[in-house]
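Q: Quick one: the structure is below, questions incoming.
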Protein chains: 2
Amino acid sequence: MSPEQPLEGAGKSLFSLQRRERLMEELRAHGAITVRAIAAKLGVSELTIRRDVNILADEGLVSRVHGGATLPSRLDRSATGARPQQHSYSIGMVVPSLDYYWPQVISGARAEAEEQNLRILVRGSAYDAADNRRQVQALLDTQNIDGLIVAPDLTGEVGQELLRWLNALPIPVVLAERRSPGENPAHRLEWVATDHAFGAGMAVRHLWQEGHRQIGCLTDSSSPTSPHVVRGWRQALAALKIPADGAVHEDSAKLPTGGRAAHFDHVLELCRTTVTTAMLVHSDTQAVAFVQHCVDRGLQVPGDMAIVGYDDEVAYLAEPAISAVRPPKQYVGKVAVQLMAARLAEGRMRPVHRIELNPELILRESSIGGPRVPAAGALQESL
Amino acid sequence: MSPEQPLEGAGKSLFSLQRRERLMEELRAHGAITVRAIAAKLGVSELTIRRDVNILADEGLVSRVHGGATLPSRLDRSATGARPQQHSYSIGMVVPSLDYYWPQVISGARAEAEEQNLRILVRGSAYDAADNRRQVQALLDTQNIDGLIVAPDLTGEVGQELLRWLNALPIPVVLAERRSPGENPAHRLEWVATDHAFGAGMAVRHLWQEGHRQIGCLTDSSSPTSPHVVRGWRQALAALKIPADGAVHEDSAKLPTGGRAAHFDHVLELCRTTVTTAMLVHSDTQAVAFVQHCVDRGLQVPGDMAIVGYDDEVAYLAEPAISAVRPPKQYVGKVAVQLMAARLAEGRMRPVHRIELNPELILRESSIGGPRVPAAGALQESL
DNA sequence: TCCGAAACGATCACACTCGAACAAATGAGA
DNA sequence: TCTCATTTGTTCGAGTGTGATCGTTTCGGA
């Protein structure tokens with residue numbers, strides 16, 4: 001009805017805004033305030049406070065009551081009527097790869113976004129923190145983003161700086177498949193991540209139950225997942241009282257071109273000397289190659305060498321098909337969007353959520369049936 | 001602190017909306033209330049409570065009965081008819097206390113259950129694992145439970161056995177404010193818990209920012225929360241490079257009756273010799289008593305001794321009002337029910353979720369404004 | 001079925017709060 | 001400098017929440 005009433009933020013002096021901010025602070029601290037007390041505290045008239053309360057109540061930030069205001073309450077029926085502004089939000093999503101691992105995460109996120117009536121904008125970035133930040137900045141600048149889902153590299157000083165920067169953004173941020181320390185530079189960040197350590201442990205315990213007593217680990221440290229897999233593997237060994245210093249642990253990062261076959265032979269030699277009959281291989285791509293290599297060298301899989309892959313993109317394609325730990329990628333995306341939707345709907349009152357999801361162990365042929373003892377014999381013949 | 005005491009009666013009167021909110025909380029926590037009890041608890045006349053009940057009944061939020069009110073029931077024929085749907089699932093909930101901490105958790109759970117159209121059956125149990133198991137068994141036997149939310153004592157061998165038993169139950173189980181190891185005996189259990197260590201750390205960092213350099217900790221190890229608080233306190237000290245071995249850490253469990261004052265004096269003496277100017281006090285009830293003791297001994301709060309309470313039940317009642325870490329109790333219940341609802345809807349395909357919630361730091365007077373240096377002077381006079 | 005105790009609600013009284021109307025102060029822009 | 005829009009303060013009648021009284025209704029046990 002009032003044609004010249006300015007929209008939010010147009011003509012209000014900083015002073016009144018500060019006062020309202022202060023009012024909200026008091027409200028959060030005490031749960032409720034009286035007009036009289038606040039007026040005295042801030043040194044203004046009660047009427048001014050009442051007007052502030054009315055403004056805040058119109059925005060749904062407080063509930064008006066006779067004599068003061070309280071935090072918004074469902075019992076406040078004036079609020080229930082004026083709340084159908086279910087205005088739909090846009091979420092930006094920046095992931096480090098658009099062809100490996102992340103497509104499924106994105107797919108889960110997209111499905112949930114549709115469900116929640118949210119728009120989602122996906123961008124790929126390089127794995128390094130600097131490019132990640134550029135991509136996020138681009139999204140912030142060009143699109144109208146209400147929230148951000150991101151999976152940056154957080155290692156090193158650059159990563160920590162990025163973490164601080166993300167934490168200070170004016171929009172909510174959810175990390176996917178990344179963890180932030182609860183501590184200070186990241187206390188506002190929420191995340192959802194697969195418990196890779198649990199997944200690795202599950203694989204080790206499965207191999208143990210199949211009768212293996214020496215269980216090795218072959219990883220690719222160029223992946224950010226790798227440290228968690230190694231940690232889970234070590235913890236499981238410790239829990240099963242397998243001495244970790246005698247266990248085979250090799251890494252295939254930074255091999256020279258064509259050096260893979262030689263490295264695999266090296267690994268098999270180590271397995272022979274340590275009587276290792278089972279391997280957990282990170283990245284199922286590598287697991288497929290490793291199984292192929294074993295077969296080529298005349299080893300029976302799983303008879304001479306049982307194998308569980310970590311990750312389940314192509315594991316089923318190998319011959320024999322590879323048992324694999326499958327991270328709940330779809331759910332990582334889905335839960336990330338759920339977190340974001342809830343955050344956007346509920347605002348600051350909602351506590352920070354940090355969610356771990358357990359992966360699943362998919363059993364196929366490469367690990368079923370115990371080791372042939374002595375396994376060392378077959379290994380010896382093959383080399 | 002006796003719960004009968006009308007704490008709010010003395011000058012801390014509630015607004016009508018808060019009163020109704022409180023009433024609903026009591027109702028959800030206990031299932032039913034009497035006008036008389038609530039009137040006494042809130043320090044208002046019975047007539048006022050009756051009027052509140054009428055208002056809530058008009059909105060269909062409660063069912064009126066002679067002498068009090070209950071949660072809305074289908075048998076209540078005054079119900080507005082908007083209740084044609086049957087409950088989809090029934091959830092059992094067993095918590096270790098019905099008067100402390102847990103009522104708010106239950107309230108959050110009930111609110112969410114209503115939202116999700118679930119029935120929820122609450123039982124209290126003793127803190128020990130054996131009784132917990134009995135209560136769960138009773139629910140399983142007599143009711144038709146589709147899921148279970150439970151908060152058992154998991155320490156010791158008995159606790160581990162209980163964990164195995166819960167894990168093997170044929171219905172989904174969600175732990176509230178308890179963590180299960182990801183490992184084998186509990187791989188199916190989901191949980192939601194407050195990150196108390198983070199909360200304690202947040203308090204310590206706040207005190208550090210206010211200028212305190214020796215920050216002590218006063219706990220009550222009879223509470224299962226206590227170890228996490230101590231851990232967070234230690235970690236924060238380490239992160240801030242405060243030597244932990246010189247820090248004051250006292251526990252008030254198992255004091256002789258009337259020994260509290262003597263113990264507080266002992267604590268203050270320790271603070272004096274170690275130049276400790278700030279304390280994190282677990283259980284805000286104890287924090288209130290401690291603040292009172294400091295004031296009685298002539299110490300300025302926060303000038304001579306800054307105090308942050310852990311937990312926020314009565315912290316605001318102290319003089320000066322106490323800054324406190326507030327666990328998101330309502331959300332613990334709410335998220336537990338959300339987990340259960342999603343599990344019941346999606347079945348085994350859904351990965352196991354494990355959720356940590358961050359508490360919030362409510363800043364009040366007892367910790368704002370740095371220490372007066374040298375603080376030792378005032379302490380010395382007081383002893 | 002009856003009876004006593006308790007709970008209930010209509011009414012009034014009181015204290016306090018609310019908001020409209022108007023006035024004064026402040027700041028921005030012509 | 002003036003003017004106009006905005007914000008803040010004052011006054012006062014209307015409105016609201018609460019409690020006390022008291023007659024009526026409801027409950028539960030004999």
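The values are calculated or read from the model by the stated rules, or taken from the named source; none is laboratory data. Treat the numbers as computed from the prediction; the structure is a model and nothing was measured. Please note: Cβ atoms are built from the backbone with ideal geometry, for glycine as well, and neighbour counts cover all protein chains shown. In case anyone asks, the SASA skips ligands and DNA or RNA and just uses the protein heavy atoms, side chains included. Shrake-Rupley method; radii C 1.70, N 1.55, O 1.52, S 1.80 Å.
Q: Could you name the aspartates and glutamates whose alpha carbon sits less than 15 Å from that of A:Lys241, not counting residues in the same chain fewer than 8 places away?
A: B:Glu183
Q: If you place +1 on the Cβ of every Lys and Arg, -1 on the Cβ of every Asp and Glu, and leave all else neutral, what size is the dipole of chain B about its Cα centre, to the nearest 20 Debye?
A: Numbers: 40 positive and 44 negative charges, 176 e Å.
With Lys and Arg at +1 and Asp and Glu at -1, about 840 debye.
Q: Starting from the exponent 0.38 and prefactor 2.2 Å, build the expected Rg for region B:86-242 from its residue count and divide its actual Cα Rg by it. Before the final figure, lay out each step's value.
A: Working: Rg = 18.1 Å, N = 157, 2.2 N^0.38 = 15.0 Å.
Against the empirical 2.2 N^0.38 Å value, I get 1.21 for region B:86-242.
Q: In nm², what is the average projected area of the convex hull enclosing the Cα atoms of region A:227-343?
A: Working: hull surface 37.6 nm².
Convex hull of Cα atoms, orientation-averaged projection: 9.4 nm².
Q: Please report, for B:Val158, the nm distances (one decimal) from its label point, 7 Å out from Cα along the beta-carbon direction, to the equivalent points in the remaining copies, shortest first.
A: Copy-to-copy label distances at B:Val158, shortest first: 5.5 nm.
Q: Which aspartates and glutamates, on any chain, are close to A:Lys334 with Cα under 15 Å apart, when same-chain ones fewer than 8 places away are left out?
A: Straight-distance partners of A:Lys334: A:Glu112, A:Glu114, A:Glu115, A:Glu177, A:Glu190, A:Glu356, B:Glu346.
Q: How much of B:Glu346 can a 1.4 Å solvent probe reach, expressed as accessible area in Å² and rounded to 10?
A: Accessible area, nearest 10 Å²: 60 Å².
Q: Please list log₁₀ I(q)/I(0) at q = 0.13 Å⁻¹ for region A:14-81, using the Debye equation with identical point scatterers on the alpha-carbon positions.
A: -0.30
Q: Hey, any idea what % of the protein assembly as shown's accessible area is carbon plus sulfur with a 1.4 Å probe?
A: Exposed carbon and sulfur together represent 52 percent of the surface.
Q: Then there's this: Find the sum over both chains of the accessible area lost when A and B are paired, probe 1.4 Å, and report it in Å² to the nearest 100. Please report the intermediate quantities before stating the final value.
A: Details: alone 19470 and 18160 Å², together 34440 Å².
Summing both sides, the interface buries roughly 3200 Å².
Q: Let me ask something else. How fast does region A:146-223 diffuse by Stokes-Einstein, in µm²/s, taking the Kirkwood radius from C-alpha pairs at 4 °C and 1.567 mPa s? Walk me through the numbers before you get to the answer.
A: On the way: Rh = 14.8 Å.
Estimated via Stokes-Einstein, D reaches 87 µm²/s.
Q: How big is region B:241-298 in terms of Cα radius of gyration and Dmax, in angstroms?
A: 11.7, 37
Q: Sticking with this one: Would you mind checking the tilt of helix B:226-239 against the longest principal axis of the Cα atoms of chain B, expressed as 0 to 90 degrees and rounded to 10?
A: Helix B:226-239 sits at roughly 50 degrees to that axis.
Q: For region B:218-261, what does the alpha-carbon gyration tensor say about shape, rounded, prolate or oblate, given a ≥ b ≥ c as the root eigenvalues, a/c under 1.5 as rounded, and a/b over b/c as prolate?
A: Values: a/c = 4.58, a/b = 1.85, b/c = 2.47.
Because a/c hits 1.5 or more and a/b fails to exceed b/c, region B:218-261 counts as oblate.
Q: A follow-up question, please. Cα centroid distance between region A:19-75 and region B:18-46, in Å?
A: Region A:19-75 and region B:18-46 have Cα centres separated by 24 Å.
Q: Another one. Could you tell me the accessible area of B:Leu42 in Å² (1.4 Å probe, neighbours in place), rounded to the nearest ten?
A: 10 Å²
Q: To continue, here is another question. Highest mean first, how do B:198-206, A:256-264, B:254-262, A:231-239 rank when packing is the count of other Cβ atoms within 10 Å averaged over residues? Show your work: numbers first, answer last.
A: On the way: B:198-206: 25.2, A:256-264: 12.1, B:254-262: 10.4, A:231-239: 19.7.
In descending order of packing, they fall as B:198-206, A:231-239, A:256-264, B:254-262.
Q: Say each of B:Ala168 and A:Asp58 gets a label point 7 Å from the Cα, pointing the same way as Cα to Cβ; how far apart are those two points in nm?
A: So the label points at B:Ala168 and A:Asp58 sit 6.4 nm apart.
Q: How large is log10 of I(q)/I(0) for the protein assembly as shown at q = 0.08 Å⁻¹ when the intensity is taken from the Debye formula with one equal scatterer per alpha-carbon?
A: -0.78
Q: When only alpha-carbon atoms count, how far does chain A stretch along each of its three principal axes, as whole angstroms with the largest first?
A: Per principal axis, max minus min of the Cα coordinates gives 93, 40, 37 Å.
Q: Work out Dmax and Rg for region A:157-269 from the C-alpha atoms and quote the Rg first, both in angstrom.
A: 18.1, 55
Q: Can you give the local net charge around B:Ala239? Use residues other than it whose beta-carbon is closer than 15 angstrom to its beta-carbon, Lys and Arg +1, Asp and Glu -1. Please report the intermediate quantities before stating the final value.
A: Values: positive: B:Arg205, B:Arg213, B:Arg231, B:Arg234, B:Lys241; negative: A:Glu183.
Charge balance in the 15 Å sphere: +4.
Q: Given Cα positions, please report Rg to Rh for region B:178-218, the hydrodynamic radius being the Kirkwood one. Each step should come with its number before you reach the end.
A: Working: Rg = 16.1 Å, Rh = 12.8 Å.
In region B:178-218, Rg relative to Rh is 1.26.
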